[in-house]
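Worksheet: one structure, shown below.
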Amino acid sequence: FSPRKSRKSAAKRLSMASRGLLRVLGRDAAKFLQGLTTQNLPFTAPAAFTAFLTPKGRLLTDAIVYTPSDDEFWLDLPLGTSAMLQKHLQLYKLRNKVKIQDASA
């Protein structure tokens, strides 16, 4: 059993029409998401449930986070929330070395 292989295969299976999908990658991806989610990152499991909150602590959306590599995260989101979350993440990107891509298509 290889955790790295199972992570990669989990990320490949994310192509679901009823879900949104964002890809966050880059040298600072774990640190960047750590400050915006309720999940401690990085984690050792192939996937984990998390939530994204406003600065006041209100729920924006929930997500399942997949980690195919140490500097890449796939966010499996409820349909219709990926554009809103991508905009929210872009606001907090600042100088972090990350790319945020919509991979829903």
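The values are calculated or read from the model by the stated rules, or taken from the named source; none is laboratory data. For clarity, every value in this text was computed on a predicted model and none was experimentally measured. All Cβ positions, even for glycine, are placed from backbone atoms using ideal geometry, and neighbour counts span all protein chains on display. Note: accessible area is taken over every heavy atom of the protein model, side chains too, but ligands, DNA and RNA are not part of it. Shrake-Rupley method; radii C 1.70, N 1.55, O 1.52, S 1.80 Å.
A compact table of results
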| quantity | calculated |
| --- | --- |
| Criterion (modelled with pLDDT of 75 or more, part of a helix (DSSP H, G or I) and open to solvent by 30 Å² or more (accessible area, probe 1.4 Å)) met by exactly one of Lys5, Lys31 | Lys31 |
| Index of the failed condition, Lys87 passing every other in (1) under 14 Å from Leu21 (Cα atoms); (2) in contact with a strand residue (DSSP E or B) (Cβ under 8 Å, 6 or more places away or on another chain) | (2) |
| Residue satisfying condition, being among the charged types (D, E, K, R), within 13 Å of Ala103 (Cα to Cα) and in contact with a Lys or Arg (Cβ under 7 Å, 6 or more places away or on another chain), within set Asp76, Asp71, Asp28 | Asp76 |
| Residues within segment 34-84 that are closer than 12 Å to Val24 by Cβ, open to solvent by 20 Å² or more (accessible area, probe 1.4 Å) and aromatic (Phe, Trp, Tyr), tallied | 2 |
| Selection from segment 85-96 of residues that are touching a residue at least 40 places away in the same chain (Cβ under 8 Å) and either assigned to a loop (DSSP other than H, G, I, E, B) or open to solvent by 40 Å² or more (accessible area, probe 1.4 Å) (or both) | Gln86, Tyr92, Lys93, Asn96 |
| Selected residue (criterion: nearest to Ala83 (Cα to Cα)) from residues of segment 43-61 that are under 11 Å from the mean Cα position of the chain (by Cα) and touching a residue at least 24 places away in the same chain (Cβ under 8 Å) | Phe52 |
| Selection status of Gln101, surrounded by 15 or more Cβ atoms within 10 Å (Cβ to Cβ) and within 15 Å of Val24 (Cβ to Cβ) | no |
